[in-house]
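Asks: Please see the structure below; I have some questions.
The values are calculated or read from the model by the stated rules, or taken from the named source; none is laboratory data. All of these numbers come straight from a predicted model, not from anything done at the bench. Note: ideal-geometry Cβ built from the backbone for every residue, glycine included; neighbour counts use all protein chains shown.
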């Protein structure tokens with residue numbers, strides 16, 4: 001069964017800004033507007049706008065400049081991010097989502113190994129925090145799925161390999177964009193099982209155990 005993707009209000013604002021860039025034909029360096037403009041246009045709280053801007057900056061979609069004449073500007077195109085997006089210009093293909101998931105899963109052991117090799121204390125704290133949040137939302141499928149995506153993107157962010165990051169994140173964003181996830185369970189134990197798989201992966205990464213991280217990623221790939 002396909003399940004609608006769960007988006008936060010901040011993510012809704014991110015989509016709004018990305019759509020505005022596209023519809024207005026803005027190019028790198030063009031001014032989008034200010035935080036106040038964005039609040040007025042979307043009607044959301046200041047904190048939500050700030051979170052959306054943080055997400056847009058992380059995705060290298062915008063640059064923020066202070067002072068008079070400042071505000072939000074379209075960021076210069078990152079060739080690595082463009083690589084990930086180029087791989088996903090297949091929306092009309094019937095098997096596009098399944099193929100994107102297949103390629104993404106082939107990359108997961110390498111992503112996990114890099115994370116185990118390069119994780120910092122801050123990385124470890126944030127990964128454990130996401131696992132804790134997933135545990136608290138075992139009865140909320142959309143939130144659990146959203147946190148699951150966040151966890152994988154956070155793991156990928158640890159890798160120093162920009163091509164690997166860009167490709168892997170691009171594949172995740174594509175699956176997220178079309179609002180599909182893997183077939184969902186028929187029993188109440190499925191989310192607990194998925195939590196265990198991801199908990200093992202995070203434990204291996206935070207311990208710096210490369211072999212265990214690779215094995216955990218393989219188990220995740222084959223666990224459905």
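Asks: Does any residue of segment 155-173 turn out to be farther than 23 Å from residue 61 by Cα and in contact (Cβ under 8 Å) with a residue 40 or more places away in the chain?
Replies: no
Asks: Name the helices (runs of 4 or more DSSP H) wholly inside segment 127-224 in which the number of residues that are over 18 Å from residue 115 (Cβ atoms) and at pLDDT 90 or above is 2 or more.
Replies: Counting at least 2 such residues, we get 190-207.
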